[in-house]
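Everything on this sheet refers to the single structure shown next.
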Amino acid sequence: MIFIVGPTAVGKSAVAVELAEKRSGEIISADSMQVYRGLDILSAKPSREYRRRIPHHLIDILDPRERCDVTHYCRLALAAIADIRGRRRIPLVVGGAGMYVRALIDGIFGGAGRDDEVRRRLDQEASGKGLDALHKRLKEADPIAALRIHPHDKRRIIRALEVYEICGRPISSFRKEWGSVVAGEAEGKGVCDSRNLGCRLVYMGLRREKDDLTRRIEERVERMCAGGAVDEVKKLFTLRADVPGTMWQSLGLKEIEGYLEGRYGIDEAKRLLTRETRAYAKRQYTWFTRDKRIRWFTVAPEETARETAEKLNAWISSLKSEVAAENCSG
C-alpha cells in the first residue's frame with residue numbers, strides 16, 4: 001500500500017493520479033469532507049478528468065444528513081482496500097485528514113465512543129455560559145488537552161469534556177497511549193508496518209515552501225469563488241436544519257455565510273477563507289510532522305505533477321530493489 005499525505009493545496013490529488021497510473025493503483029480519499037455529496041467545490045474534490053483516469057473511492061458516498069467520524073471512515077476505507085487488493089491492484093490512500101490517516105494505519109485509539117446526550121448538554125452550556133467557562137473546566141479536568149485546544153474550538157472542547165465524563169480520565173491520556181505506536185520508528189524512513197492493515201506500507205508526504213503554498217491557496221480560493229462556491233453554499237444552507245454537525249466543519253461555509261447574510265462583501269469572504277485555509281494547512285503540516293515515519297518530498301514551484309510522481313515512483317522502485325538485494329544476501 002501507498003500513503004500520500006500533506007497540507008491542503010500542496011498538490012496531492014494530481015500527483016496521486018500520475019503515480020496510480022504508473023503503479024496500477026486506485027485512490028482512496030482520506031478527506032473528511034469529500035465523502036459528502038454536494039460539497040464539491042469547497043472540499044476541492046478531484047476533477048472528473050482525474051476520476052475518469054483512475055478509480056477514486058470514498059468520494060460522494062454520503063448524504064449531507066449523514067454523520068461521518070473516524071470510526072465510520074475506517075470501516076469504509078478498509079472495505080475499499082479489500083476490494084482493491086482483491087482485484088490485485090495497489091491502494092493509494094491520499095489526503096490531509098491526519099486523524100483518519102493515523103487511525104487507518106495504527107487503529108483507532110482506545111478512547112470513548114460518543115454520547116449524544118452529554119454532547120447536547122455541553123453544547124447548551126456553551127451557549128448559555130460561554131466557551132470560556134467550558135475551557136476553564138477543561139483546564140481543571142485535563143490541563144494537557146486544554147493547552148492543545150484553542151479556547152474558541154467548541155467542537156474539540158466539548159469532545160474532550162465528553163470523554164472525561166464518560167471515562168473518568170482525560171482524553172490526553174488516551175492520545176498518549178495511541179501516540180506510542182510510532183516510538184522507535186526510523187525518522188523519515190518512509191516504510192513502516194501497519195498493525196491495523198496487516199501489511200507493510202510506503203508512507204510519503206508532500207510539502208512546499210511557505211510562499212509557494214500561500215500562493216496556491218490564494219489561487220484555489222479565487223477558483224472556488226469563480227467556479228460556483230457561493231451557489232454551492234446557498235444550496236447546502238437549504239438543508240441546514242436537517243444536517244448534523246460533521247459537514248459544517250468544512251472550510252468556506254461560515255466565511256461565505258457571512259457574505260450571504262450581508263455582513264461583508266465577497267472580497268472579505270475570500271480574505272477570510274484564505275486566512276482560515278492557511279491556518280488549516282499549518283495545522284495539518286504540524287500534525288503530520290509529528291509522525292517520524294513519513295518520508296517527505298519537497299515540491300518545487302515549477303515542478304509538474306508528473307515530475308513529482310516520477311520522483312516518488314523512482315524512490316519506491318529503489319525500495320523494492322533494496323528489499324530484493326536483502327533477500328538475495330539472506
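Brief remarks on what is shown
- Matching helices (runs of 4 or more DSSP H) fully within region 71-159 where at least 2 residues are among the β-branched types (V, I, T), touching a strand residue (DSSP E or B) at 6+ places or on another chain (Cβ under 9 Å) and in contact (Cβ under 8 Å) with a residue 24 or more places away in the chain: 98-106
- Restricting E49, E26 to those that are modelled with pLDDT of 95 or more, over 20 Å from V202 (Cβ atoms) and among the acidic types (D, E) reduces the list to E49.
- Residue within region 39-52 that is within 26 Å of L213 (Cβ to Cβ), touching a residue at least 60 places away in the same chain (Cβ under 8 Å) and not hydrophobic (A, V, I, L, M, F, W, C) present: yes
- Tally of residues being more than 15 Å from the chain's Cα centre (by Cα) and of a type in the set (V, I, T) across region 7-37: 2
- Restricting region 94-115 to residues that are of a type in the set (V, I, T) and at pLDDT 90 or above leaves a set whose member that is surrounded by the fewest Cβ atoms within 10 Å (Cβ to Cβ) is I105.
- Failed criterion for L201 (all others in (1) outside the structural domain of E66 (by TED's automatic domain parsing); (2) modelled with pLDDT of 90 or more; (3) not hydroxyl-bearing (S, T, Y) hold): (1)
- From the list G265, G227, the one residue that fits, being surrounded by fewer than 18 Cβ atoms within 10 Å (Cβ to Cβ), out of contact with any Cys (no Cβ under 6 Å at 6 or more places or on another chain), in contact (Cβ under 8 Å) with a residue 40 or more places away in the chain and not assigned by TED's automatic domain parsing to the domain that holds V93, is G227.
- Scanning region 57-70 for residues that are without any contact (Cβ under 8 Å) to a residue 60 or more places away in the chain and assigned to a loop (DSSP other than H, G, I, E, B), we see that the one that is farthest from F237 (Cα to Cα) is L58.
- Selected residue (only one of D69, D83, D63 is acidic (D, E) and closer than 22 Å to I2 by Cα): D83
- Residue in region 1-41 that is surrounded by the most Cβ atoms within 10 Å (Cβ to Cβ), counting only those that are charged (D, E, K, R) and in a loop (DSSP other than H, G, I, E, B): D31
- Within region 156-179, at least one residue is at pLDDT 85 or above, surrounded by fewer than 17 Cβ atoms within 10 Å (Cβ to Cβ) and not β-branched (V, I, T).
The values are calculated or read from the model by the stated rules, or taken from the named source; none is laboratory data. Since we're looking at a predicted model, the values are computed, not measured. Here the Cβ is made from the backbone with ideal geometry for all residues, glycine too, and neighbour counts use every protein chain on show.
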